[in-house]
Amino acid sequence: MKLDTRQFSLEAYEGLTEVKERLTKELSEDYCKRASSLVQGLTAYISTWGLHRLSGDMKKFLNGTGSDTKYKGIVYQVFLNRLKTFSNGNFDPNNESTLIQLPLREYTVLNRLSIQLAKEWSFWAVAVLGEAKE
(Lines give C-alpha, C1' and ligand atoms only; values in the text may rest on other atoms or scores of the structure.)
Protein backbone atom coordinates (compact mmCIF):
# COMPACT_ATOMS: atom_id res chain seq x y z
CA MET A 1 0.00 0.00 0.00
CA LYS A 2 1.35 3.40 -0.97
CA LEU A 3 0.53 6.41 1.12
CA ASP A 4 0.32 9.90 -0.29
CA THR A 5 2.62 12.05 1.86
CA ARG A 6 0.23 14.96 1.38
CA GLN A 7 -2.29 12.99 3.42
CA PHE A 8 0.14 13.03 6.35
CA SER A 9 0.47 16.80 5.99
CA LEU A 10 -3.28 17.31 5.81
CA GLU A 11 -3.87 15.04 8.80
CA ALA A 12 -1.19 16.80 10.84
CA TYR A 13 -2.39 20.27 9.96
CA GLU A 14 -6.02 19.46 10.76
CA GLY A 15 -5.06 17.66 13.97
CA LEU A 16 -2.96 20.56 15.21
CA THR A 17 -5.71 23.00 14.31
CA GLU A 18 -8.06 20.90 16.45
CA VAL A 19 -5.51 20.98 19.30
CA LYS A 20 -5.26 24.76 19.04
CA GLU A 21 -9.04 25.20 19.07
CA ARG A 22 -9.46 22.95 22.10
CA LEU A 23 -6.62 24.54 24.05
CA THR A 24 -7.93 28.03 23.35
CA LYS A 25 -11.47 27.03 24.32
CA GLU A 26 -10.74 24.83 27.36
CA LEU A 27 -7.62 26.50 28.80
CA SER A 28 -6.08 29.55 27.12
CA GLU A 29 -4.07 30.38 24.04
CA ASP A 30 -0.95 30.53 26.22
CA TYR A 31 -0.87 26.73 26.22
CA CYS A 32 -0.43 26.54 22.44
CA LYS A 33 3.30 27.27 22.68
CA ARG A 34 3.73 24.63 25.38
CA ALA A 35 1.80 22.21 23.21
CA SER A 36 4.14 23.03 20.32
CA SER A 37 7.08 21.91 22.43
CA LEU A 38 5.25 18.74 23.45
CA VAL A 39 4.34 17.91 19.85
CA GLN A 40 7.95 18.30 18.75
CA GLY A 41 8.92 15.59 21.26
CA LEU A 42 6.11 13.22 20.29
CA THR A 43 8.21 11.16 17.86
CA ALA A 44 10.83 10.43 20.51
CA TYR A 45 8.14 9.64 23.09
CA ILE A 46 6.40 7.10 20.85
CA SER A 47 9.72 5.58 19.72
CA THR A 48 10.79 5.12 23.33
CA TRP A 49 7.60 4.25 25.15
CA GLY A 50 5.02 3.23 22.54
CA LEU A 51 1.40 4.06 21.89
CA HIS A 52 0.03 2.17 24.88
CA ARG A 53 1.98 4.44 27.26
CA LEU A 54 0.84 7.50 25.33
CA SER A 55 -2.76 6.39 25.86
CA GLY A 56 -2.15 5.82 29.57
CA ASP A 57 -0.51 9.23 29.97
CA MET A 58 -3.38 10.83 28.07
CA LYS A 59 -5.87 9.57 30.64
CA LYS A 60 -3.62 10.57 33.54
CA PHE A 61 -3.19 14.13 32.24
CA LEU A 62 -6.84 14.61 31.28
CA ASN A 63 -7.98 13.47 34.72
CA GLY A 64 -5.45 15.69 36.47
CA THR A 65 -6.63 18.82 38.17
CA GLY A 66 -3.95 21.21 36.98
CA SER A 67 -4.13 23.01 33.66
CA ASP A 68 -0.34 22.65 33.49
CA THR A 69 -0.83 18.98 32.69
CA LYS A 70 -4.28 18.99 31.05
CA TYR A 71 -2.88 20.47 27.84
CA LYS A 72 -0.71 17.36 27.47
CA GLY A 73 -3.77 15.15 27.73
CA ILE A 74 -5.52 17.19 25.05
CA VAL A 75 -2.57 16.89 22.67
CA TYR A 76 -2.28 13.14 23.23
CA GLN A 77 -6.03 12.62 22.91
CA VAL A 78 -6.30 14.47 19.62
CA PHE A 79 -3.23 12.66 18.27
CA LEU A 80 -4.59 9.21 19.20
CA ASN A 81 -8.07 9.95 17.89
CA ARG A 82 -6.68 11.26 14.60
CA LEU A 83 -4.35 8.23 14.35
CA LYS A 84 -7.29 5.88 14.84
CA THR A 85 -9.25 7.56 12.06
CA PHE A 86 -6.24 7.90 9.75
CA SER A 87 -5.22 4.26 10.17
CA ASN A 88 -8.68 2.68 10.49
CA GLY A 89 -7.08 1.17 13.57
CA ASN A 90 -8.69 -1.53 15.65
CA PHE A 91 -8.10 0.12 19.03
CA ASP A 92 -9.79 2.47 21.48
CA PRO A 93 -7.67 5.58 22.11
CA ASN A 94 -9.23 5.87 25.59
CA ASN A 95 -8.27 2.33 26.58
CA GLU A 96 -4.58 1.46 26.53
CA SER A 97 -5.33 -2.24 27.01
CA THR A 98 -6.75 -2.37 23.47
CA LEU A 99 -3.31 -1.32 22.24
CA ILE A 100 -1.49 -3.76 24.52
CA GLN A 101 -3.70 -6.62 23.33
CA LEU A 102 -3.23 -5.99 19.60
CA PRO A 103 -1.34 -8.72 17.77
CA LEU A 104 2.36 -7.84 17.65
CA ARG A 105 2.47 -7.28 13.90
CA GLU A 106 -0.58 -5.00 13.96
CA TYR A 107 0.79 -3.03 16.92
CA THR A 108 4.21 -2.65 15.24
CA VAL A 109 2.67 -1.37 12.01
CA LEU A 110 0.45 1.05 13.94
CA ASN A 111 3.41 2.23 16.02
CA ARG A 112 5.48 2.84 12.86
CA LEU A 113 2.62 4.76 11.26
CA SER A 114 2.23 6.85 14.42
CA ILE A 115 5.92 7.76 14.34
CA GLN A 116 5.59 8.98 10.76
CA LEU A 117 2.48 10.96 11.68
CA ALA A 118 4.22 12.41 14.74
CA LYS A 119 7.09 13.59 12.53
CA GLU A 120 4.60 15.43 10.37
CA TRP A 121 2.91 16.93 13.45
CA SER A 122 6.34 18.11 14.56
CA PHE A 123 6.94 19.81 11.23
CA TRP A 124 3.64 21.73 11.38
CA ALA A 125 3.72 22.51 15.12
CA VAL A 126 5.38 25.91 14.89
CA ALA A 127 3.24 27.03 11.94
CA VAL A 128 -0.02 26.14 13.72
CA LEU A 129 0.70 26.42 17.46
CA GLY A 130 3.57 28.91 17.52
CA GLU A 131 7.20 28.82 18.58
CA ALA A 132 7.85 26.21 21.27
CA LYS A 133 7.97 27.36 24.88
CA GLU A 134 8.48 25.38 28.06
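The values are calculated or read from the model by the stated rules, or taken from the named source; none is laboratory data. Everything numeric in this text was worked out from a predicted model, so none of it was measured. For neighbour counting, all protein chains shown are included, and Cβ atoms are generated from backbone atoms with ideal geometry for every residue, glycine included. These area figures cover heavy atoms from the full protein model, side chains too; ligands, DNA and RNA do not enter into them. Shrake-Rupley method; radii C 1.70, N 1.55, O 1.52, S 1.80 Å.
Results, tabulated for the structure shown:
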| item | result |
| --- | --- |
| Alpha carbon centroid spacing (whole Å) that separates segment 96-134 from segment 1-77 | 9 Å |
| Whole-percent carbon and sulfur share, accessible surface of the chain, 1.4 Å | 50 percent |
| Rounded, prolate or oblate (a/c below 1.5 giving rounded, otherwise prolate when a/b exceeds b/c) for segment 1-73 by Cα gyration tensor | oblate |
| Cβ crowding within 10 Å averaged over residues, with 77-90, 113-126 ranked highest first | 113-126, 77-90 |
| Amide N of segment 34-63 lying under 18 Å from the label point, which is placed 7 angstrom from the Cα of Val126 along Cα→Cβ | 34-44 |
| Highest-first arrangement of 35-43, 53-61, where packing means the average Cβ count within 10 Å | 35-43, 53-61 |
| Relative contact order of the chain, defined on C-alpha pairs under 8 angstrom at six or more residues apart (%) | 41 percent |
| Cα gyration tensor shape of the chain, rounded if a/c is under 1.5, else prolate or oblate by comparing a/b with b/c | oblate |
| Accessible area per residue, Å², segment 30-129 with all protein chains present, probe 1.4 Å | 49 Å² |
| Given Lys20/Lys119; Lys60/Lys119; Lys25/Lys72; Lys25/Lys70, the pairs whose alpha carbons are separated by over 22 Å | Lys60/Lys119 |
